[in-house]
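This report refers to the structure that appears directly beneath it.
The values are calculated or read from the model by the stated rules, or taken from the named source; none is laboratory data. Owing to the predicted nature of the structure, the values given are computational and were not obtained by experimental measurement. Quick reminder, even Gly has a Cβ in these numbers, built from the backbone with ideal geometry, and neighbours come from all protein chains shown.
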Amino acid sequence: MGVNAAAAVGLALLLDLTLSEFPSRLHPVVWFGRAAGAVDRESDHPLVVGTAAAVGLPLLAAVVAGGLVALASTVSSLLAVALAGVVLFSTTSLRMLLDEVRAVVAATESDVEDARERLRSLAGRDSSDLSAGQLRSAAVESAAENLADGLVAPLLAFAVGSVVSLPVAAAAAAWVKGVNTLDSMLGYRSKRVGTPSARLDDAVMWLPARASALLLAVAAGAPRALAAARKHADAPPSPNSGWPMATLAAALGVRLEKPDVYTLPYGPDYPTVNEGRHAVRVVGTAGVLATLLTALLVSGVVSWP
């Protein structure tokens with residue numbers, strides 16, 4: 001079981017490095033998003049509808065993912081490993097995140113308007129009036145936050161589920177991705193229907209956010225950054241996203257800021273282009289460390305704490 005789960009993690013990493021993402025028309029998360037979009041509308045009972053969606057939709061994703069891997073295991077253990085790897089690949093993202101952040105940082109040096117346009121794929125904020133430095137700040141913030149949301153959380157869920165079985169591991173990763181996707185689509189203060197999804201995501205992301213902060217400190221070779229992050233980790237409205245963002249800011253010695261919302265003042269200025277590129281390398285290294293650690297955990301080479 002441990003070898004099979006580790007092989008699935010390895011396959012997911014290989015697919016991420018070679019394919020980056022499924023085409024949109026074939027991406028399970030896109031399909032999930034379309035289903036979740038049906039909830040994003042006016043309702044007389046938004047909290048009831050939102051609670052049903054927060055509970056039901058991620059559970060449905062988990063049942064489908066786990067069921068397919070379980071069915072595959074009745075045919076061949078190799079097929080089950082392959083399908084579990086595909087499920088994990090569909091719930092995680094590293095290469096695309098790094099590519100998008102790198103592109104925004106590069107564009108701030110040559111074409112600020114292009115950088116503003118590219119940022120929309122990373123951050124849900126109005127970029128029309130952001131300076132080049134603020135655009136780089138937003139890109140670096142997104143890199144840190146999405147490391148936790150888009151990689152560490154599903155990897156951790158997969159590792160926990162693998163203690164039971166490979167189908168449960170796949171189901172756990174799909175469930176966490178469903179929770180996170182609902183929060184990203186509905187979890188705004190202006191949408192009461194999204195309140196249950198936001199609260200559930202807050203609970204689910206508590207550990208992955210802090211684990212991501214630790215990984216970033218290790219990847220940056222800046223162990224003190226994790227302790228420094230405590231000072232401002234509660235500045236963002238989210239109870240979790242501040243941890244990886246503040247740790248990365250402290251490791252880089254830069255100021256990260258979402259205007260009129262929060263500031264992470266670990267340096268006098270926003271990231272330079274070179275500091276933005278360094279942030280990409282740190283997040284990439286942290287992502288690889290997270291994947292390798294997951295493989296070691298599920299294989300039994302490294303024991304759980």
Checklist entry - What about Val30, is it free of Cβ contacts under 8 Å to residues at least 12 places away in the same chain, within 22 Å of Leu155 (Cα to Cα) and aliphatic (A, V, I, L, M)? => result yes
Next on the checklist: If I ask for residues that are part of a helix (DSSP H, G or I) and either in contact with a Pro (Cβ under 6 Å, 6 or more places away or on another chain) or over 30 Å from Arg281 (Cβ atoms) (or both), which ones from the stretch 74-100 would you list?
Outcome noted: Ser77, Leu78, Leu79, Ala80, Val81, Ala82, Leu83, Ser90, Thr91
Checklist outcome for this item: Checked the stretch 101-115 for anything part of a helix (DSSP H, G or I) and surrounded by fewer than 21 Cβ atoms within 10 Å (Cβ to Cβ); matches are Arg102, Ala103, Ala106, Glu109, Ser110, Val112, Glu113, Asp114
Checklist entry - So Ala222 clears everything in (1) within 25 Å of Asp16 (Cα to Cα); (2) modelled with pLDDT of 95 or more; (3) in a loop (DSSP other than H, G, I, E, B) except one condition, right? Which one? => result (1)
Checklist entry - Would it be correct to say that Thr285 is of a type in the set (Ser, Thr, Tyr), surrounded by fewer than 17 Cβ atoms within 10 Å (Cβ to Cβ), in a helix (DSSP H, G or I) and under 20 Å from the mean Cα position of the chain (by Cα)? => result yes
Checklist outcome for this item: If we keep only residues of the stretch 232-271 that are of a type in the set (Val, Ile, Thr) and either without any contact (Cβ under 8 Å) to a residue 24 or more places away in the chain or part of a loop (DSSP other than H, G, I, E, B) (or both), then the residue surrounded by the most Cβ atoms within 10 Å (Cβ to Cβ) is Val254
